[in-house]
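Novice: Supplied in structure tokens, the structure appears directly below.
The values are calculated or read from the model by the stated rules, or taken from the named source; none is laboratory data. Owing to the predicted nature of the structure, the values given are computational and were not obtained by experimental measurement. Note: ideal-geometry Cβ built from the backbone for every residue, glycine included; neighbour counts use all protein chains shown.
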């Protein structure tokens, strides 16, 4: 099933996080090959694609646009060295991790997803096994995040085929998680819905310019957020307005 996209085509920030697969499968070039959990043979599929085996790969959980095959292809294509475009992408359920939004604006003009520890939470995620160069290419695209190792004991990850990895890694925001101004983390939403939440946040009167910014039509907001000056302003406003909270996943991380 071909799902490639031109590398020169700019993704619409209002459509973030774009298109995750409908089922677990294998990204193989421009194709996405669905895999049935009961018959998973990931190593066999990788060998047939002339790609690195699972035991030499790194398990990384994706909660935002890194679950989109098109996004991963773009990131690999832009790396300074050739990168394999063969990658398992498997759906799973991750416990005790909530999903919100990072308190910054990406260079592409959207407010990306970010995880935080929340006992009892259960989130649908996508897990990818990356080879060494794929991992380097991915990390280069995440300057606003840091990758940490999590323990499956603290944050159980159950894959579509029932497997429960003992450890895996996850990207966490360096800037904190967006809140409503009352201490509650804003839920992960599409961009227009997030703008409405920010427009209704509880802030002091001297910071009303920020709420006004997010009260404009979504397309106009997205156009402005594509500007570096607006991105810098937004990150500062999130902090000044008390809408950014520190995230500590130490309780779930692997020492």
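Novice: Just give me the residues in segment 191-202 being outside any helix (DSSP H, G or I) and surrounded by 20 or more Cβ atoms within 10 Å (Cβ to Cβ), in sequence order.
Specialist: The answer is 201, and nothing else.
Novice: Further, regarding this structure: Identify all residues within segment 88-142 that are within 29 Å of residue 47 (Cβ to Cβ) and touching a helix residue (DSSP H, G or I) at 6+ places or on another chain (Cβ under 7 Å); write none if there are none.
Specialist: Selection gives 88, 89, 126, 129, 130, 131, 134, 137, 138, 141.
Novice: On to the next question. If you go through segment 150-182, how many residues are surrounded by 15 or more Cβ atoms within 10 Å (Cβ to Cβ) and outside any loop (DSSP other than H, G, I, E, B)?
Specialist: Residues meeting the conditions: 14.
Novice: Moving to a separate point now. Here are the criteria: (1) modelled with pLDDT under 95; (2) in a loop (DSSP other than H, G, I, E, B). Tell me which single one residue 207 does not satisfy.
Specialist: Answer for residue 207: the failing condition is (2).
Novice: May I ask you to verify whether residue 19 is in a loop (DSSP other than H, G, I, E, B), at pLDDT below 95 and assigned by TED's automatic domain parsing to the domain that holds residue 171?
Specialist: So residue 19 fits the description; yes.
Novice: Then there's this: Can you pull out the residues in segment 34-70 that are in contact with a helix residue (DSSP H, G or I) (Cβ under 9 Å, 6 or more places away or on another chain) and modelled with pLDDT under 90?
Specialist: Residues satisfying the conditions are 35, 42, 43, 46, 51, 52, 53, 54, 55.
Novice: Kindly check whether there is at least one residue in segment 98-105 that is part of a strand (DSSP E or B) and surrounded by fewer than 22 Cβ atoms within 10 Å (Cβ to Cβ).
Specialist: Yes, there is a match, as at least one residue in segment 98-105 is part of a strand (DSSP E or B) and surrounded by fewer than 22 Cβ atoms within 10 Å (Cβ to Cβ).
Novice: Same structure again: Within segment 1-16, take every residue that is at pLDDT below 90 and under 26 Å from residue 111 (Cβ atoms) and give me the one that is nearest to the chain's Cα centre (by Cα).
Specialist: It comes out as 11.
Novice: Right, something else. Are any residues in segment 106-140 within 21 Å of residue 179 (Cβ to Cβ), part of a strand (DSSP E or B) and within 12 Å of the chain's Cα centre (by Cα), and if so, which ones?
Specialist: If the condition is that a residue be within 21 Å of residue 179 (Cβ to Cβ), part of a strand (DSSP E or B) and within 12 Å of the chain's Cα centre (by Cα), then 113, 114, 115 are the ones that fit.
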